[in-house]
Amino acid sequence: MSNHENTLARDDLSLSRGALAERIARWTEQQAPLETEVPGLMLMHYEEPTEPMSYMHEPSICLVAQGAKRVLLGDEEYIYDANQYLITSVGLPVVANVVEASREVPLLGLVLKIDLRAVTQLMVDSNLPISRTQQTGRGMAVSEVSKSLLDVLLRLLDLLDEPESIPILAPMLQREIAYRLLIGEQGARLRQIAAAGSHSHQIARAIDWLKENYTQQLRVEGLAKQAGMSTSTFHHHFRSVTAMSPLQFQKWIRLHEARRLMLMDHLDATSAALQVGYESPSQFSREYSRLFGAPPLRDIKRLHQTVQPNAGEMGA
């Protein structure tokens with residue numbers, strides 16, 4: 001591609017990005033974050049950097065038209081701005097915050113959930129090759145954004161102006177978005193998760209089980225057997241996808257659910273600890289303080305003073 005063609009391509013990408021920012025700004029003028037009428041689509045608008053918040057990040061594509069965000073998965077850092085998108089192929093516990101935003105140039109972005117069953121069906125319908133490798137990789141990555149991806153996202157946002165068309169056209173556009181992802185730089189990551197029988201797919205099923213059964217005593221040997229792996233192999237692949245061990249993953253879910261119970265349902269620390277599966281309130285308090293930086297009572301008091309109840313639900 002010549003220098004002139006490169007310049008034209010960059011200009012086209014900039015125009016699409018600007019159009020996306022304009023639409024997000026218009027729809028989030030009165031409310032942000034905004035859950036839209038399009039299933040699985042949320043719009044973001046922040047006018048200043050935010051404090052780090054932790055939450056379970058579901059399979060999705062996250063993109064900002066301007067501004068920048070930072071996501072921590074374990075000890076790994078992912079920063080993305082208007083030139084990249086973040087893709088997550090399994091549910092992962094993360095800590096995230098807005099790092100670039102101002103009143104003059106707010107962060108404007110979107111989160112679109114990925115339906116892995118629809119991705120699997122698309123792979124079958126499109127005869128897309130399925131990687132036979134058993135290697136596993138992180139369930140999260142940052143990639144360069146393309147004009148083709150921006151343009152289909154623009155068409156999806158345009159449906160907000162004609163809500164009567166959303167039930168018919170949104171699934172078609174979401175299918176096209178999935179296709180763009182599958183043939184793009186991170187396509188192999190999605191295919192591994194969606195392909196039944198792969199190690200990544202088995203780890204994704206184990207993650208779903210942990211999210212549903214976090215109060216139960218964790219027997220990694222049994223979970224590994226369900227996945228058709230030895231315990232050591234299961235540990236290796238689980239850490240490859242999530243950047244943490246199964247026990248750390250379960251602990252994260254338990255502590256966050258206990259925090260929610262104390263904040264929203266006004267449970268005391270001991271009751272919340274027992275409800276999420278802890279047998280020792282003192283162990284709960286130690287691990288809670290290690291994760292959140294303060295004992296339960298002090299942390300919840302601070303949250304009531306400074307954080308809205310749903311503040312931790314923003315997408316990455």
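Yes or no: region 36-43 includes at least one residue that is part of a helix (DSSP H, G or I) and in contact (Cβ under 8 Å) with a residue 24 or more places away in the chain. No, region 36-43 contains no residue that is part of a helix (DSSP H, G or I) and in contact (Cβ under 8 Å) with a residue 24 or more places away in the chain. Output the residues belonging to region 26-74 that are in contact with a Phe, Trp or Tyr (Cβ under 8 Å, 6 or more places away or on another chain) and among the β-branched types (Val, Ile, Thr). Result: THR36, ILE61, VAL64, VAL71.
Out of ILE87, ILE24, ILE79, I need the residue that is of a type outside the set (Phe, Trp, Tyr), assigned by TED's automatic domain parsing to the domain that holds ALA178 and either farther than 26 Å from ARG191 by Cβ or free of Cβ contacts under 8 Å to residues at least 40 places away in the same chain (or both). Which one? Let's see the steps before the verdict.
Values: ILE87 fails: either farther than 26 Å from ARG191 by Cβ or free of Cβ contacts under 8 Å to residues at least 40 places away in the same chain (or both); ILE79 fails: either farther than 26 Å from ARG191 by Cβ or free of Cβ contacts under 8 Å to residues at least 40 places away in the same chain (or both).
Result of the check over ILE87, ILE24, ILE79: ILE24.
Take the conditions (1) part of a helix (DSSP H, G or I); (2) loosely packed, with under 14 Cβ neighbours inside 10 Å; MET262 misses just one of them, which is (2).
Of the strands (runs of 3 or more DSSP E) lying entirely inside region 50-140, the ones with 1 or more residues being touching a His at 6+ places or on another chain (Cβ under 9 Å) and buried (at least 19 other Cβ atoms within 10 Å of the Cβ) are found at 68-73, 84-88, 92-100, 107-113.
Counting residues in region 263-270 that are among the acidic types (Asp, Glu) and within 30 Å of VAL119 (Cα to Cα) gives zero.
Of all the numbered requirements in (1) over 13 Å from the mean Cα position of the chain (by Cα); (2) over 17 Å from ILE177 (Cα atoms); (3) surrounded by fewer than 19 Cβ atoms within 10 Å (Cβ to Cβ), HIS45 misses one, and that requirement is (3).
The values are calculated or read from the model by the stated rules, or taken from the named source; none is laboratory data. Everything quoted here is computed from the prediction, not taken from an experiment. Reconstructed Cβ throughout: ideal geometry from the backbone, glycine too, with neighbour counts over all protein chains shown.
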